[in-house]
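Here is the structure we will look at, set down as structure tokens.
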Amino acid sequence: MAILRFFCILVYSCLILFTGAAYAQEAAHQEYKVKAVFLYNFLNFIDRPAAAPSEKQHEATVCILGEDPFGEHIDAIKGNKVGGKTINVKRLKNIEEIKSCSAVFISDSEEDNLEKILQYSRKNSVLTVSDMDGFVKNGGIIQFLTKDKKIRFRINIGAAESAGLKISSKLIRVSYTGGEK
């Protein structure tokens, strides 16, 4: 009888554990689905210099540098249009590939290389986006935040200007201006 009781408790505990893990996995899944849409929409509100290395007449490339938290969600924006340009998605293997990007999402896995990545991005007029803590404080342009269970973003206007990017006042108005993170 004790073995049966132990087995029932074990099965019940596993169900609770796996249900919680599945819920957390689904929440992360939805989070990056929303962030992919944000990335796409950011391109509608950013003006890049015509002389930018990646500025192609008919294409805007959204890149992921480091571990890809988006999975297939980022691929869903591929082929959509923004400002008359077709969106392309590219996963980068090294920093030098950034020059082919209109925007780059910098994964947490690249935190040790952040300063070098931001310098290279700035030099090539690339919009930098991440959800790393302190990203805009360290010179990134747009940082995703989660506040009140909602995905928001903060903008570093000075960093955008240093990269030669002009951010629409419409995007600035809807950005988060609350406390630091």
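Quick notes on this one:
- Across 90/147; 81/170; 35/93; 85/137, pairs whose alpha-carbon gap is larger than 24 Å: 90/147; 85/137
- Sorted ascending by nearby beta carbons within 10 Å, beginning with the fewest, 166, 85 become 166, 85.
- Restricting segment 66-133 to GluC sites (Glu not before Pro) that sit in a DSSP loop and have at most 14 other Cβ atoms within 10 Å of their own Cβ leaves 67.
- Classification of segment 29-174 by its C-alpha gyration tensor yields a rounded form. The axis ratio a/c (a ≥ b ≥ c) stays under 1.5.
Values quoted throughout were computed directly from the atomic coordinates according to the rules given, and no laboratory measurement underlies them. No experiment lies behind these values; they were computed from the predicted model shown. Every residue, glycine as well, gets a Cβ built from its backbone with ideal geometry; the counts of neighbours run over all protein chains shown.
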